[in-house]
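First up is the structure itself, then whatever we jot down about it.
The values are calculated or read from the model by the stated rules, or taken from the named source; none is laboratory data. Quick caveat: nothing in here was measured; it's all calculated off a predicted structure. Reconstructed Cβ throughout: ideal geometry from the backbone, glycine too, with neighbour counts over all protein chains shown.
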Amino acid sequence: MLKKLDLSQVVVLDIETVPQYPTFSEVPPHLQQLWEQKTHFQRTTDQSADEFYERAGILAEFGKIICISLGIFSYQNKSYSLRLKSFYGHDEKEILTEFSKLINRQVPTLAFCAHNGKEFDYPYICRRLLINGLEIPTQLDISGKKPWEINHLDTMEMWKFGDHKHFTSLNLLATILNIPTPKDDIDGSQVRQVYYEEQNLDRIVTYCQKDVVTTAQVLLKFKGMDIISAENITIVS
């Protein structure tokens, strides 16, 4: 399958998310109760719902998207290049609207690629689109589709080779495949702090774009191809 994959029809994707509210005390009371119920079995016996709230960003019901970064392949002079495009800000609905406008201009058979995308990125985007009253683009809507009609690629799933219990981080996968990765990235667990406490959205966008680049390079490795050199990676506004 990967040998025949047309990279010009693939968009590499990554999202960054945070809790909807800076602190648990600012969450409306009825949502606080629902958060306690939702996370009851995830928390340790000595961990309160308040203490666990820093992880709210990973749940679409209690989090929000602050950045969507895309990587688009192009082929010129017998080599691939990658263009990066990011949608980010404090208004999630605006981010999702602009993202959807771009995707809706593409062919219905467009394929997405993300690391752990099937478990996180793809469903998270769809849930937040619905919550914001927006239509899900055809390429992301899997309702009623047969498995072979779903163009969702997942580099973590590819690495599993059918092993359902196996989890490998993007950073580890890139390292063992000899893909250069930046050492100055923030950790995913720090995104909430950088967003709410440092108020440094630009740093988060850079982190998101670097993950897109790494995922794209992993996909190339899976296809048995050379990775893209730094000078062939550009950011477009």
Quiz item: For the subset of the range 7-33 comprising residues that are more than 23 Å from the chain's Cα centre (by Cα) and touching a residue at least 12 places away in the same chain (Cβ under 8 Å), which member is surrounded by the fewest Cβ atoms within 10 Å (Cβ to Cβ)?
Solution: Ser25
Quiz prompt | Cross-chain or 6+ apart pairs with Cβ under 7 Å, the range 49-60 first and closer than 19 Å to Val194 by Cβ and of a type in the set (Ser, Thr, Tyr), then at pLDDT 95 or above and buried (at least 17 other Cβ atoms within 10 Å of the Cβ) | solution = Tyr53/Pro19; Tyr53/Phe24; Tyr53/Trp35
Quiz item: Restricting attention to the range 1-54, and to residues there that are among the small types (Gly, Ala, Ser) and over 24 Å from Ile65 (Cβ atoms), which single residue is modelled with the lowest pLDDT?
Solution: Ser8
Quiz item: Can you tell me which residue in the range 104-133 is farthest from the chain's Cα centre (by Cα), limited to those that are over 21 Å from Trp148 (Cβ atoms), of a type in the set (A, V, I, L, M) and buried (at least 16 other Cβ atoms within 10 Å of the Cβ)?
Solution: Leu129
Quiz item: Which pairs have Cβ atoms under 9 Å, sit 6 or more apart or on different chains, and link a residue in the range 185-198 that is closer than 16 Å to Asn171 by Cα and at pLDDT below 95 to one that is of a type in the set (D, E, K, R) and part of a helix (DSSP H, G or I)?
Solution: Asp185/Lys210; Asp185/Asp211; Ile186/Arg203; Gly188/Asp211; Ser189/Glu54; Ser189/Arg55
Quiz item: If you take the residues of the range 134-158 that are in contact (Cβ under 8 Å) with a residue 24 or more places away in the chain and acidic (Asp, Glu), which of them is surrounded by the fewest Cβ atoms within 10 Å (Cβ to Cβ)?
Solution: Glu135
Exercise. Tell me which of these Leu130 doesn't satisfy, since it passes every other one: (1) touching a helix residue (DSSP H, G or I) at 6+ places or on another chain (Cβ under 7 Å); (2) over 22 Å from Lys4 (Cβ atoms); (3) among the aliphatic types (A, V, I, L, M).
Key: (1)
Exercise. Go through the range 27-45 residue by residue and tally those that are of a type in the set (Lys, Arg) and part of a helix (DSSP H, G or I).
Key: 1
Practice problem: Could you identify the single residue in Lys3, Lys85 that is surrounded by fewer than 12 Cβ atoms within 10 Å (Cβ to Cβ) and of a type in the set (D, E, K, R)? | Solution: Lys3
Self-check item: Subset of the range 162-218 that is in contact with a strand residue (DSSP E or B) (Cβ under 6 Å, 6 or more places away or on another chain) and among the polar types (S, T, N, Q) - its residue that is farthest from Asp6 (Cα to Cα)
Solution: Gln209
Self-check item: Per-region count, the range 46-80, residues of a type in the set (Asp, Glu), in a helix (DSSP H, G or I) and out of contact with any helix residue (DSSP H, G or I) (no Cβ under 7 Å at 6 or more places or on another chain)
Solution: 1
